[in-house]
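Novice: This is the structure I have questions about; it appears just below.
The values are calculated or read from the model by the stated rules, or taken from the named source; none is laboratory data. In this text the structure is predicted, and so the values were computed from the model without any measurement. Reconstructed Cβ throughout: ideal geometry from the backbone, glycine too, with neighbour counts over all protein chains shown.
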Amino acid sequence: MDLQVLVSKKGTRVVTASNLYIALELPQSQYSKQLSRWITDTYEFNNGIRRPERMKDFARRSVAGSPVPDYYLAVEFAKLVALRSNSKKKLKYAKYLFSMEEQSEEDARLNTDQVLAMLELTKAMGLVSCQTASEQRHLDIYEERNDGKPNQWWKFREKLLGYSSGKLQSEMKKRGKSGNGKSQRQMLMQLDKHEMVRTGVIDLFMSMGKTASYARKLGDLAKSLAKELSVDVFDDRSGVPAALLPNVNKQVAGELKNNTAGEFLAIWQ
């Protein structure tokens, strides 16, 4: 049986659990038991090792007159379920669902409001206070999804961002500089300050529940905009007079620093 990918009203690609189960040719007698396990087990999602979340990774599907439960599964979740199964066809369907994930990301387009918002976000992320607030927000969400344990945070973060302290120290050494005792942010200030803008944007969108692919896409865009706009990176955490701060949208900066979902962040919901 072929696996059918559906598109929800919000544009999310999903499959039904019943369709996936049949496509994987798993024992029908174990359906209810396996289904319960699927939605309560722990998987390695793009945004960390966690359990599936209702209304994000799956939602109940009502089937009139059927005593058997069913769910809509987001394609990433369905892919992880397929890979975890004992089906002989798991690679076939996992690869197919992975291609649907990629297609979903490629289909993502920014509307006019979001394009304009990206310009303001890029400038605001030049403030280190906005960067650190977004990082903390991302860490809080990561811990929440991993039973309060940040054990794998730095490993996860290195994979997500594409660099580590070790890589930055090596690059510093190549340029005849010392990275000893310096934080990643301090090294980036000397190596590539606009990478800090990219990192802040990635942290922000990961904390909002976006996929790693989507967050990196907007992070890359923000870095390109920062270079084009000659955005400076300014450490404003030590009580610098307002007159000396870069000209940024105060509403945007306020929402980022105070972790408030206001009018600006609502554009991305």
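Novice: Can you find even one residue in region 215-227 that is among the acidic types (Asp, Glu), modelled with pLDDT of 90 or more and surrounded by fewer than 15 Cβ atoms within 10 Å (Cβ to Cβ)? Working first, answer last.
Specialist: Filtering region 215-227 down to residues among the acidic types (Asp, Glu) leaves 220.
With modelled with pLDDT of 90 or more added as a condition, the list becomes 220.
Applying the additional criterion that residues be surrounded by fewer than 15 Cβ atoms within 10 Å (Cβ to Cβ) yields 220.
Yes, that holds for at least one residue.
Novice: Looking at region 97-123, which of the residues that are part of a helix (DSSP H, G or I), at pLDDT below 90 and polar (S, T, N, Q) is farthest from Ser230 (Cα to Cα)?
Specialist: Per the stated criteria, the residue is Ser99.
Novice: When the residues of region 82-99 are narrowed to those that are touching a residue at least 24 places away in the same chain (Cβ under 8 Å) and loosely packed, with under 14 Cβ neighbours inside 10 Å, which ends up farthest from Asn146 (Cα to Cα)? Working first, answer last.
Specialist: Here is the first cut: in region 82-99, the residues touching a residue at least 24 places away in the same chain (Cβ under 8 Å) are 82, 84-90, 93, 96-97.
Among the residues that remain, those that are also loosely packed, with under 14 Cβ neighbours inside 10 Å are: 86, 88.
Working: Asn86: 25, Lys88: 30 Å.
Among those that are touching a residue at least 24 places away in the same chain (Cβ under 8 Å) and loosely packed, with under 14 Cβ neighbours inside 10 Å, it is Lys88.
Novice: Only one of these conditions is not met by Val68: (1) on the phi > 0 side of the Ramachandran plot; (2) surrounded by fewer than 18 Cβ atoms within 10 Å (Cβ to Cβ). Which number is it?
Specialist: For Val68, the failing item is (1).
Novice: Also: Only one of Lys79, Lys33 is of a type in the set (D, E, K, R), part of a helix (DSSP H, G or I) and either assigned by TED's automatic domain parsing to the domain that holds Lys149 or surrounded by fewer than 18 Cβ atoms within 10 Å (Cβ to Cβ) (or both). Can you tell me which? Even if it seems obvious, please write down each step before you answer.
Specialist: On the way: Lys79 fails: either assigned by TED's automatic domain parsing to the domain that holds Lys149 or surrounded by fewer than 18 Cβ atoms within 10 Å (Cβ to Cβ) (or both).
Answer to the check: Lys33.
Novice: Another question, if that's okay. So for region 181-197 (the condition being of a type in the set (Val, Ile, Thr), at pLDDT 90 or above, in the same structural domain as Glu120 (by TED's automatic domain parsing) and over 14 Å from the mean Cα position of the chain (by Cα)), does at least one residue qualify? Before you say what the answer is, go through the steps one by one.
Specialist: Applying the first criterion (of a type in the set (Val, Ile, Thr)) to region 181-197 yields 197.
Filter again for at pLDDT 90 or above, leaving 197.
Going one step further and asking which of them are in the same structural domain as Glu120 (by TED's automatic domain parsing), we end up with 197.
From what is left, the residues that are over 14 Å from the mean Cα position of the chain (by Cα) are 197.
Within region 181-197 (the criterion being of a type in the set (Val, Ile, Thr), at pLDDT 90 or above, in the same structural domain as Glu120 (by TED's automatic domain parsing) and over 14 Å from the mean Cα position of the chain (by Cα)), the answer is yes, since at least one residue qualifies.
Novice: So, one more: Tell me, yes or no, whether region 124-139 has at least one residue that is out of contact with any helix residue (DSSP H, G or I) (no Cβ under 7 Å at 6 or more places or on another chain), at pLDDT 90 or above and within 30 Å of Glu101 (Cβ to Cβ).
Specialist: Taking every residue of region 124-139 in turn, at least one turns out to be out of contact with any helix residue (DSSP H, G or I) (no Cβ under 7 Å at 6 or more places or on another chain), at pLDDT 90 or above and within 30 Å of Glu101 (Cβ to Cβ).
Novice: So how many residues does region 149-160 have that are surrounded by fewer than 18 Cβ atoms within 10 Å (Cβ to Cβ) and closer than 23 Å to Leu256 by Cα? Lay out the reasoning, then the answer.
Specialist: Taking region 149-160 first, the residues surrounded by fewer than 18 Cβ atoms within 10 Å (Cβ to Cβ) are 149-155, 158-159.
Checking the rest, the ones that are also closer than 23 Å to Leu256 by Cα come to 150, 153-154, 158.
Within region 149-160, residues that are surrounded by fewer than 18 Cβ atoms within 10 Å (Cβ to Cβ) and closer than 23 Å to Leu256 by Cα number 4.
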